[in-house]
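Chemist: Pasting a structure here, questions to come.
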Amino acid sequence: MATSISEIVSNAMVYIDDVRLKEELELSPALFYRKMWLYVKNALPLLNRPPQLLGYLQKNAVEPMYDSFEWESENDASLSNETKIETGKIGYEICSVVMRSRDGTEATPYLEAVYDAETGIVTIPQQDEPGIVFEMDFYKDGQFNDMTLTMKRLFGLAIAVVWDEHFERNWLNLQPKIKDASFTTVNEANFAEKSNERLIKNRQSYNDELRKYEQDCAYAKVVGGKMSAYPKFV
């Protein structure tokens, strides 16, 4: 039995408390999972203890599929009847439709659209006005080899580490900030130091968990027990 990428992402969200990611999930689940796949892919190499673990996870792995499409409501047909849009996007599990405002600044989930995975047709109900842009994102889940609960936890923590380090390398955070007597700013040097300490602590904590898992796997191999927390390579 395989472990889906969406399940791995759900495990990671337990450790990543980012309200913006939650808002992205609510707005467009397909686009959210497409974005999070980048974190999953970059976190995978961190699962390297014991050395067999990475190869085990990658065995029979399937990458997710994703695509996008855009449609704008028209003056004639879309204002009088429903519109069947032939997107050509066939076989996806999720189709998220977002309605974009005329000026492009606001986006809201559009839940009335119906997607047919066999034909790729998205049906949009009759519209009230023309010129409304509908952004469609499609996603089909990928998978890794079957994982135990411990492995899923480690994967989630690895994704959290990658997410954490993403902000430490942010260009804007590294730039000197404008000082003004009308408001108080934090001390940049102290903030950077504390942030770096937190990053190092989180990485060390993850490495400690991975090291313990490696030791537990080695113990399970020696005693020959069939412990549910450990994969078949033990």
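Chemist: May I ask you to list the residues in the range 61-78 that are open to solvent by 80 Å² or more (accessible area, probe 1.4 Å) and free of Cβ contacts under 8 Å to residues at least 12 places away in the same chain?
Modeler: Across the range 61-78, the qualifying residue is only 76.
Chemist: Mind checking which residues of the range 131-146 are more than 16 Å from the chain's Cα centre (by Cα) and open to solvent by 10 Å² or more (accessible area, probe 1.4 Å)?
Modeler: 131, 132, 133, 135, 145, 146, listed by residue number.
Chemist: Any idea which of (1) open to solvent by less than 50 Å² (accessible area, probe 1.4 Å); (2) at pLDDT 95 or above is the one residue 42 doesn't satisfy?
Modeler: (1)
Chemist: Has the range 121-129 got any residue that is buried (at least 19 other Cβ atoms within 10 Å of the Cβ), at pLDDT 95 or above, part of a strand (DSSP E or B) and touching a Ser or Thr at 6+ places or on another chain (Cβ under 7 Å)?
Modeler: Yes, that holds for at least one residue.
Chemist: Here are some residues: 152, 177. Which one is modelled with pLDDT of 80 or more and either under 18 Å from residue 198 (Cα atoms) or basic (Lys, Arg) (or both)? Show your work before the answer.
Modeler: Values: 177 fails: modelled with pLDDT of 80 or more.
Being modelled with pLDDT of 80 or more and either under 18 Å from residue 198 (Cα atoms) or basic (Lys, Arg) (or both) holds for just one of 152, 177, which is 152.
Chemist: If you don't mind, another one. What number of residues within the range 40-60 are in a loop (DSSP other than H, G, I, E, B) and either touching a helix residue (DSSP H, G or I) at 6+ places or on another chain (Cβ under 7 Å) or touching a residue at least 60 places away in the same chain (Cβ under 8 Å) (or both)?
Modeler: Looking only at that region, the number is 6.
Chemist: Restricting to the range 81-103, and then to whatever is under 24 Å from the mean Cα position of the chain (by Cα) and open to solvent by 40 Å² or more (accessible area, probe 1.4 Å), can you tell me which residue is modelled with the lowest pLDDT?
Modeler: Among residues in the range 81-103 that are under 24 Å from the mean Cα position of the chain (by Cα) and open to solvent by 40 Å² or more (accessible area, probe 1.4 Å), the one modelled with the lowest pLDDT is 100.
The values are calculated or read from the model by the stated rules, or taken from the named source; none is laboratory data. Every value quoted in this text rests on a predicted model; they were computed, and no experiment measured them. No Cβ is skipped: glycine too gets one built from the backbone with ideal geometry, and neighbour counts run over all protein chains shown. Side chains are part of the model used for accessible areas, which takes the heavy atoms of the whole protein and leaves out ligands, DNA and RNA. Shrake-Rupley method; radii C 1.70, N 1.55, O 1.52, S 1.80 Å.
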